[in-house]
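*Asks:* Below is the structure I would like to discuss, written out as structure tokens.
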Amino acid sequence: MKRRALFCCVLAVLPAIARAEDQPATTNRTETVLVTAARLPAEQIPAENFPANVSVVDRHKIESSPSFSTPELLRQQVGLVPFDTVGMGQFGNVMLRGFGERTGALILVDGVRVNDAGDSTLPFLWNSIPPESIDRIEIIRGGASTTYGEGAVGGVINIITKQATAKPFTVTATGAGGNLGYYTGHVDVSGQTNWFSYFASGDRQEWDGWREASGYRGWSAIAKPAFDTPVGKFTLGYYYHDETVENPGVLTPAQYQADPRQAGANTFVFDNTIHRGSLDYAKTFDGGWTALGKVFGQEYDTRSRSSFGTGHIEQPNYGATLQATYNTEFGDMPDLLSFGGETIQQDFLSDFRSSFGKFITGADNWTGSFFAQNTLTVLDPLDITLGGRFDHRQWNVIVLDDFGTNIRDDKRANVWSYKGALTYRAITNVTTWLSASRSFRLPTGFDIGTAGSTPGELFFANPDIDPVDARTIEIGARCDRSRWLSGSLALYYSEVKKDILFNPFTFQNENFDSVRQGVELSLTSRPLDWLDFYYTTAFTDAHFDGGAFNDHRLPLVPEWQLTGGVNVRPITNWQITLETVHVRGQVANNDLNNDLPRNQYFLLNARTSYRWQHVTFFVAVNNILDRLYQTFPTVTSGSPQERRYNPAAGINAQAGATVTF
């Protein structure tokens, strides 16, 4: 009944969007939003022509947001729900298109795949790319493996850092401090001449935490010099991040009631270091051809210590991508073709030692891929997009422990991904699309060798785990050019074979069949120059399909996500932002039987800023109502299952200033 009512409501919005555009040419329009249309950013197309539900968080939205971290920045995006056991993006993941416990999103930073080679439950160190260094974030929903490769079963989060400014020299510095021992400092410099451009940034962030033993200390740096030469443009990239993160552990119900800010019985400390380097090449030739290439290498090192023992994880990886695009006409019809190949070597070694034994997991893998995609405009209002990709992966798996496990195995997988889409512009500036896709996620080191998302709990290896196979159908409509009423509506159905989830009763990762379907609605309006609104609603039905847990909802996936906000500019140079987040119907982690009450929470956040010449002063407050809530509800493994709590931060605020010269 709920689903039927929602479908009726959102379908009723379409005529309103159409009428907003079916006005005389004097109707005010917003600027065109561009998104990347290929694996490497050779070509950007208007978002309204993209055959998927896509949104862009640009620099203006980043600067207006009261968020402290990148996952918090994403919480206003429809169908994308961040969750964190501590806060501030320290132990964060995001739910996209119903993929909760194990991420279904492929994460890119400046075109480099940065998903953790071993862990799909905490796939990325979000604080390694602070919001101050980000130019924009593209969120592409739905199966996207044909363009971006395995892992994009739920979509892609494409983080693009700042580029060089047009001036010879520009410097921006930000400093802020707040309660809970929070402070941050950021500086970036950029500029360009006729043949040389550069961007460099440095960032320091510190937080004592809302709970005991939940502090964070982190350093980040980025350097991107670029050289324009007669043979093409070369861009070097270096990314550094070093952090010390505390995890206070889970609380029992008695502890939670007595004092939710206390640490649990078992606390953890993680020291993470990342060094990542890349070299990009781009050259545009006569006749519509563009050649692009990228090579990269990364060292990712994690050391942990807790009452359970000590651990060390090493994850070096390196790879290369080559791509060509051809922008031409087929007869009188515009045609965009892109094709290329990709290779990546990911090594993973986890060594955990405790009083009850030693656990060693190695899962090195090599992946080779080739891909092609073509978009042809037929009869002007209709685009046809067809794409395919082949991925071959080889694993070398080693699992050793003091309980007699001695697994040495070689695995192989060959997967074909495809996508076909129709994009139709029936009314001026209103686009509809229909797509069908097949995407894969290949098992990670933790998927194969270890399991569980509650630190310290028992686990067993499963070297026979198979790749996730997701087949998705999507239909949607979008209008992004009217200031009076813009937005998008998408309906999708995804049948997922061999989904990878942790079974808390067998203490290992297993393959399950599942179904994910839902509705995503986004609306924006700017009726006046000094006022704009935004609102999103996502309904997600994610459940097991067959087996012992048939029709049970999947862990950590909320049934409803509602967000909204308003930006008010009452006086010149002043802006006030209010935003809300409401999540309902979230099943606890490990609660495969759906026995416990579902989690829900409501947040109110705000930001006020004033610009005076080259200086912007700001105050931001999260959780203004000081609500006691959690985004990562969980229960213990085994039987009987017991409830545990990961309380999120209460009211937290920061005040600071940004100076640009």
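*Asks:* Hey, what's segment 195-354 come to in accessible area per residue, 1.4 Å probe, Å²?
*Replies:* Working: 7350 Å² over 160 residues.
Heavy-atom SASA per residue in segment 195-354 reads 46 Å².
*Asks:* A further question follows. Viscosity 1.306 mPa s, temperature 10 °C: Stokes-Einstein D of segment 196-285 from its Kirkwood Cα radius, in µm² per second? All intermediate terms of the calculation are to be shown ahead of the outcome.
*Replies:* On the way: Rh = 16.3 Å.
My calculation gives 97 µm²/s for D.
*Asks:* Right, here's the next one. When the expected Rg is taken as 2.2 N^0.38 Å, what fraction or multiple of it is the alpha-carbon Rg of segment 232-353? The partial results should precede the final answer.
*Replies:* Numbers: Rg = 23.7 Å, N = 122, 2.2 N^0.38 = 13.7 Å.
That ratio works out to 1.74.
*Asks:* Hey, another quick one. Determine the distance separating the Cα centre of segment 599-626 from the Cα centre of segment 350-383; give it in Å without decimals.
*Replies:* Cα centroid of segment 599-626 versus Cα centroid of segment 350-383: 37 Å apart.
*Asks:* Rounded to whole Å and ordered largest first, report the semi-axes of the equivalent ellipsoid of segment 591-658 derived from its Cα gyration tensor (root of 5λ). If you can, show how the numbers build up before the last one.
*Replies:* Details: eigenvalues 315, 21, 15 Å².
So the three semi-axes of segment 591-658 are 40, 10, 9 Å.
*Asks:* If the reach is capped at under 17 angstrom between alpha carbons, list the aspartates and glutamates near Lys61, excluding any in the same chain fewer than eight residues apart.
*Replies:* Glu31, Glu72, Glu132, Asp135, Glu138, Asp480, Asp529, Asp532, Glu579
*Asks:* How large a share of the accessible area of segment 223-294, in percent, is made up of carbon and sulfur atoms when the probe is 1.4 Å and the other protein chains stay in place?
*Replies:* Working: 2030 of 3370 Å².
About 60 percent, which is the carbon plus sulfur part of the accessible surface.
*Asks:* Take the Cβ-Cβ distance between Phe602 and Glu206 as r, set R0 to 30 Å, and report the resulting FRET efficiency rounded to the nearest 0.05. Each step should come with its number before you reach the end.
*Replies:* On the way: r = 29 Å, r/R0 = 0.96.
Here the calculated transfer efficiency is 0.55.
*Asks:* Accessible area of segment 322-369 with a 1.4 Å probe: how many percent of it is carbon plus sulfur? Please report the intermediate quantities before stating the final value.
*Replies:* Values: 1360 of 2230 Å².
Reported share for carbon and sulfur atoms: 61 percent.
*Asks:* If you don't mind, another one. Computed over the Cα atoms of segment 546-614, what is the ratio Rg over Rh, Rh following Kirkwood? Please list the in-between numbers first.
*Replies:* On the way: Rg = 19.7 Å, Rh = 15.0 Å.
Checking Rg against Rh, the ratio lands at 1.31.
*Asks:* Separate question: For segment 63-222, what Kirkwood radius comes out of the mean inverse Cα-Cα distance, in Å? Before the final figure, lay out the partial values.
*Replies:* Numbers: mean 1/r = 0.0596 Å⁻¹.
Averaging 1/r across every pair of different Cα atoms and inverting gives 16.8 Å.
*Asks:* Turning to a different aspect of this structure: When ligands, DNA and RNA are left out and all protein chains stay put, how many square angstrom of accessible area per residue does segment 425-552 have with a 1.4 Å probe? Display every interim value, and only then the final one.
*Replies:* Details: 4510 Å² over 128 residues.
Dividing the accessible area of segment 425-552 by its residue count gives 35 Å².
*Asks:* Roughly speaking, what is the stretch gain from Asn573 to Met333, that is 0.36 nm per residue apart minus the C-alpha to C-alpha distance, in nm to one decimal? Mind showing how you got there, number by number?
*Replies:* Details: separation 240, 0.36 × 240 = 86.40 nm, distance 4.62 nm.
Answer, rounded to one decimal: 81.8 nm.
*Asks:* OK, next. Straight distance only, please: which lysines reach the Cα of Lys233 with their own Cα at less than 23 Å, same-chain residues fewer than 8 apart left out?
*Replies:* Partners within reach: Lys162, Lys167, Lys224, Lys283, Lys294.
*Asks:* Another one. Using all alpha carbons of segment 38-105, what is the percent of pairwise distances in each 10 Å bin, ordered from the shortest bin to the longest?
*Replies:* 18, 41, 35, 7
*Asks:* Now a separate question. List, in order, the whole-Hz ³J(HN,Hα) value for each residue of segment 330-337 obtained from phi through the Karplus relation with A = 6.51, B = -1.76, C = 1.60 and θ = phi - 60°; use x for Gly and Pro.
*Replies:* 9, x, 9, 9, x, 9, 10, 10
*Asks:* Tell me, what % of the accessible area of segment 137-207 is carbon and sulfur with a 1.4 angstrom probe? Could you put the intermediate results ahead of the total?
*Replies:* Values: 1390 of 2200 Å².
Ligands and nucleic acids excluded, carbon and sulfur give 63 percent.
*Asks:* When the convex hull of the Cα atoms of the chain is projected onto a plane and the area is averaged over all directions, what value comes out in nm²? Walk me through the intermediate numbers first.
*Replies:* On the way: hull surface 111.3 nm².
Answer in nm², one decimal: 27.8.
*Asks:* Using a Förster distance of 51 angstrom, determine the FRET efficiency expected from the C-beta separation of Asp402 and Leu528, and round it to 0.05. Write out the running numbers ahead of the final one.
*Replies:* Working: r = 68 Å, r/R0 = 1.34.
So, using R0 = 51 Å, E works out to roughly 0.15.
*Asks:* To continue, here is another question. 5 Å is the cut-off here: which amide hydrogens, built 1.01 Å from N in the peptide plane, fall below it relative to Phe124, excluding neighbours closer than 5 in sequence?
*Replies:* Amide H to amide H, under 5 Å and 5 or more residues apart or across chains, Phe124 pairs with Asp116.
*Asks:* Here's another thing I want to ask about it. Residue by residue, what Karplus-based ³J(HN,Hα) values in Hz, rounded to whole numbers, does segment 421-427 have, using 6.51, -1.76 and 1.60 with θ = phi - 60° and x for Gly and Pro?
*Replies:* Those phi angles translate into 8, 10, 10, 10, 9, 6, 10 Hz.
The values are calculated or read from the model by the stated rules, or taken from the named source; none is laboratory data. Owing to the predicted nature of the structure, the values given are computational and were not obtained by experimental measurement. Every residue, glycine among them, receives a Cβ derived from its backbone with ideal geometry; neighbour counts consider all protein chains shown. For accessibility, only protein heavy atoms count, side chains too; no ligands or nucleic acids. Shrake-Rupley method; radii C 1.70, N 1.55, O 1.52, S 1.80 Å.
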